[in-house]
1. Can you name the residue in the stretch 232-243 that is open to solvent by 60 Å² or more (accessible area, probe 1.4 Å), out of contact with any Lys or Arg (no Cβ under 9 Å at 6 or more places or on another chain) and not charged (D, E, K, R) and, of all such residues, is farthest from SER138 (Cα to Cα)?
2. Among the residues of the stretch 250-272, is there at least one that is open to solvent by 50 Å² or more (accessible area, probe 1.4 Å), among the aliphatic types (A, V, I, L, M) and touching a residue at least 12 places away in the same chain (Cβ under 8 Å)?
3. Could you grab the pairs with beta carbons closer than 7 Å, sequence gap of 6+ or different chains, first residue in the stretch 193-208 and free of Cβ contacts under 8 Å to residues at least 12 places away in the same chain and crowded, with 23+ Cβ neighbours inside 10 Å, second one in a helix (DSSP H, G or I) and among the hydrophobic types (A, V, I, L, M, F, W, C)?
4. Output the residues belonging to the stretch 210-229 that are open to solvent by less than 20 Å² (accessible area, probe 1.4 Å) and without any contact (Cβ under 8 Å) to a residue 24 or more places away in the chain.
5. What is the residue count in the stretch 317-333 for residues that are in a helix (DSSP H, G or I) and open to solvent by less than 70 Å² (accessible area, probe 1.4 Å)?
6. Is it the case, given these coordinates, that PHE246 is in a helix (DSSP H, G or I) and either open to solvent by 20 Å² or more (accessible area, probe 1.4 Å) or touching a Leu at 6+ places or on another chain (Cβ under 9 Å) (or both)?
7. Test LYS237 against the stated conditions and say whether it is over 19 Å from ILE203 (Cα atoms) and either modelled with pLDDT of 95 or more or assigned to a helix (DSSP H, G or I) (or both).
8. Yes or no: the stretch 279-293 includes at least one residue that is polar (S, T, N, Q), outside any helix (DSSP H, G or I), surrounded by 15 or more Cβ atoms within 10 Å (Cβ to Cβ) and in contact with a strand residue (DSSP E or B) (Cβ under 9 Å, 6 or more places away or on another chain).
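The values are calculated or read from the model by the stated rules, or taken from the named source; none is laboratory data. Quick caveat, the model's predicted, so the values are computed rather than measured. Every residue, glycine as well, gets a Cβ built from its backbone with ideal geometry; the counts of neighbours run over all protein chains shown. Remember, those area values only see protein heavy atoms, side chains included, never the ligands or the DNA or RNA. Shrake-Rupley method; radii C 1.70, N 1.55, O 1.52, S 1.80 Å.
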Amino acid sequence: MRRAIGIAAVYRVVGGVAAVPEVSGIHTHNHLPRIFHAALFSTKSQNFLSRTHCLLSNKLADQSTGTAARVIAGTMLFSLAATTLAEEVHAKEPVQAKFRPDEVILYQYEACPFCNKVKAVLDYYDIPYKVVEVNPISKKEIKWSDYKKVPILMVDGEQMVDSSVIIDKLAQKIRPGVSAGSVPEDDEEKKWRGWVDNHLVHILSPNIYRSSSEALESFDYITSHGNFSFTERLTAKYAGAVAMYFVSKKLKKKYNITDERAALYEAAETWVDVLKGRDFLGGAKPNLADLAVFGVLRPIRHLKSGRDMVEHTRIGDWYTRMESAVGVSSRIQA
């Protein structure tokens, strides 16, 4: 009886991720558990170390031990210098002290791609922030707000909602001298940020819930990192995986996706083509479009869909550069 009550509680959830309102238009059996749209996916972000390649001539084997040692030492010094230079180019971009907020609190679902967009910006600009993990069922952590979705970002007491709007407002606060339209690249940046919200995110759910095993993999992470009670965790993991497996099929139809993996690969290749050989869309440093793409892909990177994406497309090098640029999380303990 208790288990039945727990399952019913999950299916009564009325919340969801702000940027996926279209999902609510899909009807399965008159009640879709919107927790499964709100907490779509996530995985542990990892920091990749810079890779250094030391190339020695085949003739090295014919040199004396002393000469070989000097060559190796010189090569190592060169590699160290190159690595240091790369780290300087792809380092975080900290905010000037006078523009740095005093207190930033993010109300989120760990598994939400839109929350991860906001975190990518906070991490890149090295803005310390506290995280409040919201229970997707009770949402008691955001009872105080009229806005019942995540992310919600509180910046020095000011409430900001909707991931793209949050990023716009945050960018204006920390970079007041850079106004929209001040440089030609802003049009490109705006275009591809829109592409993330209107195209890329819609491809992800059909991929991470493509098969029963992938759906279970996704919900295993969601429930182990989200704010759930023990009963909610068990219910959401298995009931959620089953529900989203079937919902993903409807999402494919809704967004005219024939082959979900092919669509994911095409999106990844499209992004690489847009770079036109640049390290980032922003040039030598990431811009907000780079951070948006990285933010929504970061949760799936180490799920099967993300592993397949990196293996079968050219996006891996850009993604690794982004990991280096964004660096470690700026999150602090609440």
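1. Across the stretch 232-243, the extreme among qualifying residues is VAL242.
2. No; the residues of the stretch 250-272 include none that is open to solvent by 50 Å² or more (accessible area, probe 1.4 Å), among the aliphatic types (A, V, I, L, M) and touching a residue at least 12 places away in the same chain (Cβ under 8 Å).
3. So the pair list comes out empty.
4. THR223
5. Counting residues in the stretch 317-333 that are in a helix (DSSP H, G or I) and open to solvent by less than 70 Å² (accessible area, probe 1.4 Å) gives 9.
6. Values: in a helix (DSSP H, G or I): yes; either open to solvent by 20 Å² or more (accessible area, probe 1.4 Å) or touching a Leu at 6+ places or on another chain (Cβ under 9 Å) (or both): yes.
Answer is yes for this residue.
7. Against the criterion (over 19 Å from ILE203 (Cα atoms) and either modelled with pLDDT of 95 or more or assigned to a helix (DSSP H, G or I) (or both)), LYS237 qualifies.
8. Keep residues of the stretch 279-293 that are polar (S, T, N, Q), which gives 287.
Next cut, outside any helix (DSSP H, G or I) only: 287.
If we keep only those that are surrounded by 15 or more Cβ atoms within 10 Å (Cβ to Cβ) as well, we get 287.
Still in the list and also in contact with a strand residue (DSSP E or B) (Cβ under 9 Å, 6 or more places away or on another chain): 287.
Yes, there is a match, as at least one residue in the stretch 279-293 is polar (S, T, N, Q), outside any helix (DSSP H, G or I), surrounded by 15 or more Cβ atoms within 10 Å (Cβ to Cβ) and in contact with a strand residue (DSSP E or B) (Cβ under 9 Å, 6 or more places away or on another chain).
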